[in-house]
Amino acid sequence: MNFPDPGAMMKEAAQLLCGEEREAKMNESVGDRISGILYKWVNLGKRWRRRWFVLEDGVLSYYKIHGHHKIDLNLETDKRSTVLGEDSLRLISPRHNHNIIINGTSQLRPKPVGQVHLKVSSIRESRSDDKRFLIFTGSKRLHLRAETREDRVAWIDALQAIKDLFPRVSNSELMAPVDNVVVSTEKLRQLLLEEGVSEAAIQDSEQIMRNEFAALQNQLMLLKEKHWLLLDSLRQLEVHVMISRKNLANRIRNSSSVSSAQNHVHPSSSEILQINSPSASSAQNCVHPSASETPPN
């Protein structure tokens, strides 16, 4: 007698239910994608910089608006986008948007300046400024400021709605052993008894069911462990990117300092002797002075 796998049925039903609820909540809250202008605090220049932010698939990405690597804002005007803020709407209007469109279609979106995964982030409002808020990932802090208080409310509501879509698993649930799960075979036993199955066959069926459930439980545990390992790798990657950016900024500053110092270095004693030597004097007598070298009258 073939019985349907209860574990597979439960898993499929849970996936369908979660998928439908997640899609409904996503469409009700923020649509497929939201975007708009936010001001990001930049440590290198110690000031606020305008960036174009895009929230899609649980990831908040931000792009430059000006310069060579700026984003083509024509990409953000499709039907799937919800643009937040009057400043953002003014920027993408035809009167202000002068980005180049090739063959009637926008260019591909460039790589973002940075990204934040909301699943591993926390969102906090500023108590001192009703336009500012903070996104903390565990490895870095993203200080953001909206154009108005209403824009901040809209952004935080959208970010929190997306973040709430991800299930929260406690450590106790993650590390719960298989022995804590009680598998009831009473209904199966009752059904087999009504069909006239012998006690030995019933016990064999119950044992098969327990073994299948234990195997499924072990697979779920492995998936949970892989899930948390991926999250930990993501945090480590963010730390690595942050350190690499700091090292690159330090190398750029050091290179600029060395170049500046070389431009103002004084000649050494050997160079002075060479300049004052007879051969150097003879060579100088054969060279006509330039305009900058001509002494004043």
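Just so you know, all these numbers are worked out from the coordinates, no wet-lab data involved. Predicted, not measured: the structure shown is a model, and the values here were computed from it. Cβ atoms come from the backbone with ideal geometry, glycine included; neighbour counts cover every protein chain shown.
Details
- Flagged links, alpha-carbon separation over 25 Å, of K40/K140; K64/K226; K111/K224; K40/K246; K119/K226; K224/K246: K64/K226; K111/K224; K224/K246
- Karplus-derived 3J(HN,Hα) values for segment 154-162, using 6.51 cos²θ - 1.76 cosθ + 1.60 with θ = phi - 60°, are 5, 5, 5, 4, 5, 4, 5, 4, 5 Hz; glycine and proline are entered as x.
- Sites S122 and N254 - FRET efficiency at Förster radius 35 Å, r taken between beta-carbons, to 0.05: 0.50
- Burial ranking of peptide ranges 143-151, 251-259 (average Cβ count within 10 Å, highest at the top): 143-151, 251-259
- Taking amide H positions as modeled 1.01 Å from N, with prolines and chain starts lacking one, the residues under 5 Å from E56 and 5 or more places away or on another chain are S61.
- For R33, the residues 5 or more places off, or on other chains, whose built amide H falls under 5 Å of its own are T82.
- Among 116-123, 204-211, 35-42, the peptide with the highest mean count of other Cβ atoms within 10 Å heads the list, and the full ranking is 35-42, 116-123, 204-211.
- Evaluating 6.51 cos²θ - 1.76 cosθ + 1.60 at θ = phi - 60° for every residue in segment 123-139, the Karplus couplings come out as 10, 9, 7, 7, 7, 8, 9, 7, 10, 9, 7, 10, 10, 10, 9, x, 10 Hz, glycine and proline recorded as x.
- With the simple spin-label model, which puts each label point 7 Å out from Cα in the Cβ direction, the S139 to R235 separation comes to 1.1 nm.
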